[in-house]
Amino acid sequence: MSASPASPPLHDALKPLSWLLGTWRGEEGKGDYPTIKDFKYKEEVKFDHVGQPNLEFSFCSSHYETGKPLHREKGFLKIQPGTSHLALVNTQNVGIVELSEGEVKGQEITLESHTIGRMTFGKDPAVTKIQRTFRLVDADTLEQVVHMETSATAPAQHHLSIQYKKVA
């Protein structure tokens, strides 16, 4: 999904998000939550564009030790032109669709879901809220922290944290 030389120019509205573009790899993500056992994971993230005022993204996580494919997320990050307001539209392979909105301030993005959709036969407890923060730590390091609330645990609590290194 990385932009090739033949790709259209970056839409002006996306300039505040240009630091996300590329492929990022995290080798030691940490997950925890009150209802599950703590775990580690690896994840590759790609952010790309097609010249429109949105970025497309994919998150592909794998088992820390075996490399077995795990969680997948795909979607779009759209900025409201002329503002710092943005929205994330995210589909997950576990049957969740997330619509989150928030702000970009410098090289940090904060998002909170306002809508979580789930398939009728999804596993309980149901996710009811997701909060995400993306932060550029330095030119080659991106951090993501995720807090989550479910039908069994409120308020939102820490769930995931990972630092990615830029690989392309």
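Name, by its number, the condition in (1) in contact with a Leu (Cβ under 7 Å, 6 or more places away or on another chain); (2) buried (at least 16 other Cβ atoms within 10 Å of the Cβ) that does not hold for Ser161.
Tallying (1) in contact with a Leu (Cβ under 7 Å, 6 or more places away or on another chain); (2) buried (at least 16 other Cβ atoms within 10 Å of the Cβ), Ser161 fails exactly one: (1).
Name the one entry in Phe47, Phe59 that is modelled with pLDDT of 95 or more, under 13 Å from Leu17 (Cα atoms), aromatic (Phe, Trp, Tyr) and surrounded by 12 or more Cβ atoms within 10 Å (Cβ to Cβ).
The match here is Phe47.
Somewhere in region 78-100, is a residue at pLDDT 95 or above, in contact with a Phe, Trp or Tyr (Cβ under 9 Å, 6 or more places away or on another chain) and closer than 18 Å to Tyr164 by Cβ?
yes
Under 6 Å between Cβ atoms, at least 6 apart or on separate chains: pull out the pairs that start in region 67-81 with a residue that is under 18 Å from Glu56 (Cβ atoms) and surrounded by 19 or more Cβ atoms within 10 Å (Cβ to Cβ) and end on any residue that is modelled with pLDDT of 95 or more and β-branched (Val, Ile, Thr).
Once the first residue is under 18 Å from Glu56 (Cβ atoms) and surrounded by 19 or more Cβ atoms within 10 Å (Cβ to Cβ) and sits in region 67-81, its partners that are modelled with pLDDT of 95 or more and β-branched (Val, Ile, Thr) give Gly75/Val89; Gly75/Thr91.
Within region 77-98, is there a residue that is within 15 Å of Trp24 (Cβ to Cβ) and touching a Ser or Thr at 6+ places or on another chain (Cβ under 9 Å)? Before the answer, list the steps.
Step one: of region 77-98, the residues within 15 Å of Trp24 (Cβ to Cβ) are 77.
Narrowing further to those that are touching a Ser or Thr at 6+ places or on another chain (Cβ under 9 Å): none.
No, there is no match, as no residue in region 77-98 is within 15 Å of Trp24 (Cβ to Cβ) and touching a Ser or Thr at 6+ places or on another chain (Cβ under 9 Å).
Looking at region 16-121, what strands (runs of 3 or more DSSP E) fall wholly within it and have at least 1 residues that are touching a helix residue (DSSP H, G or I) at 6+ places or on another chain (Cβ under 9 Å)?
Correct list: 36-49, 54-63, 69-79, 85-92, 96-105, 108-118.
Take the residues in region 99-134 that are surrounded by fewer than 19 Cβ atoms within 10 Å (Cβ to Cβ) and among the hydroxyl-bearing types (Ser, Thr, Tyr); name whichever of them is nearest to His85 (Cα to Cα).
Taking the candidates together, the pick is Thr110.
The values are calculated or read from the model by the stated rules, or taken from the named source; none is laboratory data. Note that the structure is predicted; figures quoted are calculated from it, not measured. Heads up, the Cβs are rebuilt from the backbone with ideal geometry, glycines too, and the neighbour counts pull from every protein chain shown.
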